[in-house]
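Novice: First the structure, which I've put down as structure tokens, then a few questions once you've had a look.
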Amino acid sequence: MHSAGHEFPPNFPQVFQKLRTCLLAFLCIVLGLKALIFFARATLTVLYPFEWSTMDGYFVYHGMRLVSGRPIYFDTNSLLMPFEYVPLYPAFIGVLAKLFGPGVWYERCFSLVCSLAISALVARAVKRSTRNTSAAVAAGLILFGPAALSVWFIVRGIDIFAALLGLLGVSIVAEDEEGSTSRLILAAIVLTLAFYAKQTSFFPAAAAVMYVLCKDLKKGLFMGGSLALATAVIFFLLQVLSDGWFFENAFVMTMSNPYYTRILSGLARDFSLCLVIVFPVALFQASHGAGRRPDIWTLYFLFTLLSGLLAGKLGAALTYFIPLFSAICICLGLLLGDSGLFARRPRTYLVVLVAILVQGVLFYAHYVPIPSRQHSSRARVLDAYVKDNPGAILTERIDSFAVLNDRELNVEAVQLPILIMRRKYDPQTLLELIENKEFSLIIYSSIYFGGIPALRHAIFENYRAIDRISIGLFYGETTFLVLTPV
């Protein structure tokens, strides 16, 4: 716990104190305006009724299956691929789908609510540790500054939801100064839920358990044991309910994705560049804390830094760094609110504060992308093809177009080449249907289906292109061919 205040030396310049107050206020204004711009643009995306992420509709579909009692974990040798994540997030989205019907807006809204909750937890952690309101507000607002990271708050709700639960569990431990058993149990429950939102939540949970172990060995073992027991019980239940397919689908299938250091290095570079100033400052703050007896936020930083190494998995994205990003915001806020550092080295503190202010201004160079009218008109054309074709449709990772038109999803094209390579999927299952022209329509982009020569050959041997449509997605445009039987 950082000191709530500090006695300044008698000769401490008053101008430094006033300058610090003004600069912190200005930083909050700069970051606050950027956050307002983010939410204004995010609103336009929420209102956009079509695909904006390659996973729009994916969680809605599996969530609807889940809440209606249909399986989401099963054998891969079928046209419908099983769900490849743990089930808590689709359960939430499935409830929303039950209330509002198939759609994409409520998943985006849910993601934004989760991001606001993360921001509030970041601000609360800084305020409790430093008693500095301006530093707490700035720390919470930085979360919405870099467009390269904040865009994922709209399009990748499962990661934001898991990050929220992980941070909430750690926060419960951080605020439990006396180590009460009931709060440790509550933290274990929340962190177990976080794990079943996404498996990478293991890392924040490990940070919380490590912190309690360092404070009190018995209580640390109690919390760790409670967490392990709850996780194991839920795992066993899911295995039984899925006839043994849960582990195969949610763990083995995703672990089969190859790991590439070039993916990790590229994502780490992008992450560091969009936080070019604040990342080194937060790293300094965390390393400074690690030099003493590490507090919980230092451990949270170190363990989320470790979790970011998993971003080298094929298909990973900057979302793997979101928990680390929340840790950076907290460490930055702790430094900004550190009156002791300001009293000892006021000039150094002010230089760092100005540098962070510069980073806040640099955030204005980039904004989250938003759908345009052209995107809407093209999406309507593709949507009309799906709506007007009554037969079975094979789509390539544009899930919402199927779900919004009450169509079942077919082969999940992202995993298909990997599953075939690992001999977990027989391509003949799909090839025979294509050769028999069982699909009234195929939506094809060559990204995934095109990576399987036999499948690509069968498609163009038996189907002809009737249209070519470029769909706008948040990362750019992807061109899809619309094919019908020859």
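The values are calculated or read from the model by the stated rules, or taken from the named source; none is laboratory data. In this text, all values refer to a predicted model and were calculated from it rather than measured experimentally. Using ideal geometry, Cβ is built from the backbone for each residue, glycine included, and neighbour counts are taken over all protein chains shown.
Novice: What residue, of Ala135, Ala120, Ala163, is modelled with pLDDT of 95 or more, of a type outside the set (Ser, Thr, Tyr) and in contact with a Ser or Thr (Cβ under 8 Å, 6 or more places away or on another chain)?
Specialist: Criteria check complete, one pass: Ala163.
Novice: Now, a different point. Mind telling me which of the residues Ile442, Ile471 ends up being within 26 Å of Thr76 (Cβ to Cβ) and touching a Phe, Trp or Tyr at 6+ places or on another chain (Cβ under 8 Å)?
Specialist: Ile442
Novice: Right, next: Restricting the search to the range 217-248, which residues are over 25 Å from Gly308 (Cβ atoms) and polar (S, T, N, Q)?
Specialist: Answer for the range 217-248, where residues must be over 25 Å from Gly308 (Cβ atoms) and polar (S, T, N, Q): Ser226, Gln239, Ser242.
Novice: So Leu283 clears everything in (1) under 27 Å from the mean Cα position of the chain (by Cα); (2) surrounded by fewer than 18 Cβ atoms within 10 Å (Cβ to Cβ); (3) touching a residue at least 60 places away in the same chain (Cβ under 8 Å) except one condition, right? Which one?
Specialist: (3)
Novice: I've got another one for you. For the range 421-439, which positions are at positive phi and at pLDDT below 85?
Specialist: If the condition is that a residue be at positive phi and at pLDDT below 85, then Arg423 is the only one that fits.
Novice: Where in the range 157-230 are the helices (runs of 4 or more DSSP H), entirely inside, with at least 3 residues that are assigned by TED's automatic domain parsing to the domain that holds Glu107, under 18 Å from Thr298 (Cβ atoms) and touching a residue at least 24 places away in the same chain (Cβ under 8 Å)?
Specialist: On the way: elements: 157-174, 181-195, 202-215.
In the range 157-230, the matching helices (runs of 4 or more DSSP H) lie at 157-174, 202-215.
Novice: Consider Ala327 against the criteria (1) under 27 Å from Val414 (Cβ atoms); (2) among the small types (Gly, Ala, Ser); (3) at pLDDT 95 or above: it satisfies all of them except one. Which criterion is unmet?
Specialist: Failing condition for Ala327: (1).
Novice: List the number of the failed condition for Leu394; all other conditions in (1) in the same structural domain as Ala282 (by TED's automatic domain parsing); (2) under 29 Å from the mean Cα position of the chain (by Cα); (3) of a type in the set (A, V, I, L, M, F, W, C) hold.
Specialist: (1)
Matching residues to (1) touching a helix residue (DSSP H, G or I) at 6+ places or on another chain (Cβ under 7 Å); (2) assigned to a helix (DSSP H, G or I); (3) surrounded by fewer than 19 Cβ atoms within 10 Å (Cβ to Cβ):
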{"residue": "Leu430", "(1), (2), (3)": "yes, yes, no"}
{"residue": "Leu433", "(1), (2), (3)": "no, yes, yes"}
{"residue": "Glu461", "(1), (2), (3)": "no, yes, yes"}
{"residue": "Gly472", "(1), (2), (3)": "yes, no, no"}
{"residue": "Glu477", "(1), (2), (3)": "no, no, yes"}
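Novice: Select from the range 323-351 the residues that are in contact with a Leu (Cβ under 7 Å, 6 or more places away or on another chain) and among the β-branched types (Val, Ile, Thr) and list them in ascending order.
Specialist: Ile328
Novice: Take the range 70-110 and flag every residue that is in a helix (DSSP H, G or I) and over 18 Å from Met55 (Cβ atoms). Give the steps one after another, and end with the answer.
Specialist: Taking the range 70-110 first, the residues in a helix (DSSP H, G or I) are 88-100, 105-110.
Passing the criteria: Val95, Lys98, Leu99, Phe100.
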